[in-house]
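I have placed the structure first, in the form of structure tokens, so that the comments after it can refer back to it.
The values are calculated or read from the model by the stated rules, or taken from the named source; none is laboratory data. Values in this document were obtained by computation on a predicted structure and should not be read as measured data. Positions of Cβ are backbone-derived with ideal geometry, glycine not excepted, and every protein chain shown enters the neighbour counts. These area figures cover heavy atoms from the full protein model, side chains too; ligands, DNA and RNA do not enter into them. Shrake-Rupley method; radii C 1.70, N 1.55, O 1.52, S 1.80 Å.
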Amino acid sequence: MKKFRILVIHDGKPGHFSQSYGLARLIASRCTRCDCEISSLRAKPRLKLLNRLLRYAAASQNAFLQRLILLFYCHTPLPSEKIDLVISFGGNVVALNIALSQYWNIPNVLVGSSYTIPESMISAHVSLKGDMGDSNAVASRLVVCRTEPRRCHRAGRALRASGQRLWAIFVGGDGSGYRYHDADWHRLGAALQALSAQYGVRWLVSTSRRTGRQGNAILRSYLDASVCEASIWYEDESSEPLDAFIGAASRLFCTEDSLSMLAESLAMAKPVISLRPTDASPSKTHREALAYMASMELLLQLEFSALAQYRPHYYEPVKSYAAHLDEIFQRFIALGAVASSVQAQRSHYLNLNTEIQVPQL
């Protein structure tokens, strides 16, 4: 069977890699007339100050300058096989995306800002809303992630074997216009404790770097072994992989400062509850993305102060996360980023269960 090879270029930032690889995965899972292979190239400019010049060289359409671009990057080895599509997210690798797609004469997908790269040099430009007026725009409406539900369900099997009713909480912290105070952490901890007592659930808890030492300490004072089944405190060595938490829990709670964390939860097709502190002033784009997901009933938005009164409800989104991915894929085909010949008329989506190993720079 013919191979369709996708190269994901990333700068090592988890969010950038997750979104780029998530798009590659959605394409691969819908390539029903060929085998799909995903490889990755980790790269960073040798000097970040050169980013603007590198993007200028990439946009110049000068073949000589474009060939030189690779010399200004520190990167892992290029793939030896022929590549059919290049995908990237992040300003550090935009120039490399353009240069390689031009050199190999293949389509490319750019996620996020185009950094003034001409529209004609980008096959598909993905953003939350889609750049108005651009013929190559793809509106994702929500963040695409690399979460693979079947893998997560398998990872959570051991936790589910306990027979406990499990809910998961993924906690972020300061950033994206959200600011957390000690009172917020106390309010959140007390609410999780109260819900555990009321519904007989045990919590799977994961915090992040942005939660901070004080936030972790306050939450741990509430979430002891009596209410917590397993935990990943960022300040500690991890006890369980996050995939297991996502796969084991029947309901997923997530602070809304991280659209990436929310996307990972939405991909599981389970009830998702987004949580916010009192001091929340997200950007217009962030706020609109949350409002859209709420309007599609993909998630329920709550403030910390209302969490203790949460009541489980029937979950049925207006348009599922998978349906959004279907629309993105069809848009890629319409733009020529992916050939229509890779998909059979009657789709039978493949579940990709293999994991990519991210090479170290």
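Per residue, the solvent-accessible area of the chain (1.4 Å probe, heavy atoms of protein chains only, all protein chains present) comes to 46 Å².
Taking K and R as +1 and D and E as -1, what net charge do the other residues with C-beta under 9 Å from the C-beta of Asp174 add up to? Write out the running numbers ahead of the final one.
On the way: positive: Arg179, Arg210; negative: Asp257.
Summing Lys/Arg as +1 and Asp/Glu as -1 gives +1.
Here region 119-201 has an Rg and Dmax of 20.2, 58 Å, counting Cα atoms alone.
Mind telling me which of Ala323, Ala59, Ala155 comes out most flexible in a GNM of the chain, alpha-carbon contacts under 10 Å? Highest fluctuation among the options: Ala323.
Lys and Arg at +1, Asp and Glu at -1: add these up for the other residues within a Cβ distance under 14 Å of Glu288 and post the number. Taking every other residue near Glu288 into account, the sum is +3. Rounded to the nearest 10 degrees, what's the angle between the helix 284-295 long axis and the longest principal axis of the chain, both from Cα atoms, 0 to 90? Tilt relative to the chain: about 60 degrees. Region 180-300 gives an Rg/Rh value of 0.94, both radii derived from C-alpha positions and Rh following Kirkwood.
From the C-alpha gyration tensor of the chain, pull out the three semi-axes of the equivalent ellipsoid (sqrt of 5λ each), sorted largest to smallest, in whole Å.
Numbers: eigenvalues 283, 99, 73 Å².
Equivalent ellipsoid of the chain: 38, 22, 19 Å, largest first.
Region 197-222 and region 297-337 have Cα centres separated by 25 Å. GNM on the chain, alpha-carbon springs under 10 angstrom: the most fluctuating residue among Leu290, Leu110, Leu65 is Leu65. The residues neighbouring Tyr199, those whose beta-carbon lies less than 12 Å from its own, together hold a net charge of +4 under the Lys/Arg +1, Asp/Glu -1 convention.
Helix 94-104 versus the longest principal axis of the chain: what angle, 0 to 90°, nearest 10, using Cα atoms? It is inclined by approximately 40 degrees. Using the alpha carbons alone, the radius of gyration of region 167-226 stands to its Kirkwood radius in an Rg to Rh ratio of 0.96. Along each principal axis, taking the top coordinate minus the bottom one, the Cα set of region 52-148 gives 36, 33, 21 Å in descending order.
Structural descriptor for the chain: relative contact order 20 percent, calculated from alpha carbon pairs under 8 angstrom and at least 6 residues apart. Once you reduce region 139-167 and region 1-78 to the center of their Cα atoms, the two points are 28 Å from each other. Each principal axis of the Cα cloud of region 5-102 was taken in turn, and the coordinate range along them, longest first, works out to 40, 28, 21 Å.
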